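To start, the structure itself, in structure tokens.
The values are calculated or read from the model by the stated rules, or taken from the named source; none is laboratory data. If you're wondering where the values come from, they're calculated on a predicted model, not measured in any experiment. Positions of Cβ are generated from backbone atoms using ideal geometry, with glycine treated the same way; all protein chains shown enter the neighbour counts.
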Amino acid sequence: MALFEARNIHKRFGSRVVLENISLSFEAGQVSGIMGPNGAGKSTCFHVLTGQHRPDRGEVVFDGQRISGLPPQRIARMGVSRSFQLMNLFDDTVVIENVMLALPAFRRRRLHAMSAVFSDSVLIDRALAVLDQVGLAARAWDAAASLSYGDRRALEIAVAVAAEPRILFLDEPTSGLGAEATRRLALLVKRLRERYTIVMIEHDMRFLFELADKISVIHWGQVIAEGTPAQLGDNKWVRRSTLAEATHA
């Protein structure tokens, strides 16, 4: 059984149908991709999967338990974590503080004064370990606002990882990145896949085809193709589309 599934998801906003009978499954230990043209419904699909939107019909199931309709905070506590296309970081703090605020141990203790947090060596060590996973341990005490755009992307992923998820959703992680930063991010995802099940929406098809075990193509609010990168390279719709160049790069 898949770790995470969407079954016959429908979502509309007013008279506009955005998702129609979407079914997806993500296997534990794999990197799964979601791709498609702008306006295809990818972001709405991500929001439904992670609890930001409630589906009008259908269900989302995580590890055998139905989670559709639950608040996103509760879904996150169950082990579902995500990044966003538009980054959500605390720029008026240091790098490590962004990560510490996301640690379950911090939230369980309901600490309100950061001075108390900075005197807790257990929390500091845990946050440093998370930053080490994304290559930012050396920048732990720098101002978050001082990071490059690529490092900010890595920090956002660190915040998602700090929540100790079982599955990690990444929304357009290469958005705004140059070639070198994209290369570093690909190396990061390769490291993270050893620990986490990963699902990515991504517009950079070369990036996605390099990393994903399975890719689902969404268009017109429906899944129109699904398979390994090699299988999609032979798909007639993909071959006719602007996505085809990525499959043969």
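Annotations
Results for (1) assigned by TED's automatic domain parsing to the domain that holds Arg195; (2) over 22 Å from Thr228 (Cα atoms); (3) surrounded by 20 or more Cβ atoms within 10 Å (Cβ to Cβ); (4) at pLDDT 95 or above, shown as yes or no for each residue.
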| residue | (1), (2), (3), (4) |
| --- | --- |
| Gly14 | yes, yes, no, no |
| Val17 | yes, yes, no, no |
| Ser32 | yes, no, yes, yes |
| Cys45 | yes, no, yes, no |
| Gln52 | yes, yes, no, no |
| Phe62 | yes, yes, yes, yes |
| Gly69 | yes, yes, no, no |
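- Condition check for Gly233: surrounded by fewer than 19 Cβ atoms within 10 Å (Cβ to Cβ) and at pLDDT below 90: yes
- The set of residues in region 63-89 that are touching a Leu at 6+ places or on another chain (Cβ under 7 Å) and hydrophobic (A, V, I, L, M, F, W, C) contains only Leu89.
- Whichever residue in region 201-225 is touching a Phe, Trp or Tyr at 6+ places or on another chain (Cβ under 9 Å) and farther than 7 Å from Met35 by Cβ and, among such residues, is surrounded by the fewest Cβ atoms within 10 Å (Cβ to Cβ): Ile224
- Only one of Gly58, Gly41 that is in contact (Cβ under 8 Å) with a residue 40 or more places away in the chain, on the phi > 0 side of the Ramachandran plot, surrounded by 20 or more Cβ atoms within 10 Å (Cβ to Cβ) and touching a His at 6+ places or on another chain (Cβ under 9 Å): Gly41
- Those helices (runs of 4 or more DSSP H) of region 1-112 in which at least 1 residues are in contact with a Ser or Thr (Cβ under 9 Å, 6 or more places away or on another chain), small (Gly, Ala, Ser) and more than 21 Å from Met205 (Cα to Cα), considering only elements entirely within it, cover 72-77.
- Pairs are defined by a Cβ separation below 6 Å, a sequence spacing of at least 6 or placement on different chains, a first member in region 116-134 that is within 12 Å of Leu101 (Cα to Cα), and a second member that is modelled with pLDDT of 85 or more and buried (at least 20 other Cβ atoms within 10 Å of the Cβ); the pairs so defined are Val117/Met100; Val117/Leu123; Leu123/Met100; Arg126/Leu103; Ala127/Ile96; Ala127/Val99; Ala127/Met100.
- Any hit, region 166-178, residues being closer than 30 Å to Asp92 by Cβ, modelled with pLDDT of 90 or more and among the β-branched types (Val, Ile, Thr): yes
- Scanning region 98-125 for residues that are modelled with pLDDT under 80 and exposed (fewer than 10 other Cβ atoms within 10 Å of the Cβ) yields Arg108, Arg110, His112, Ala113, Ser115.
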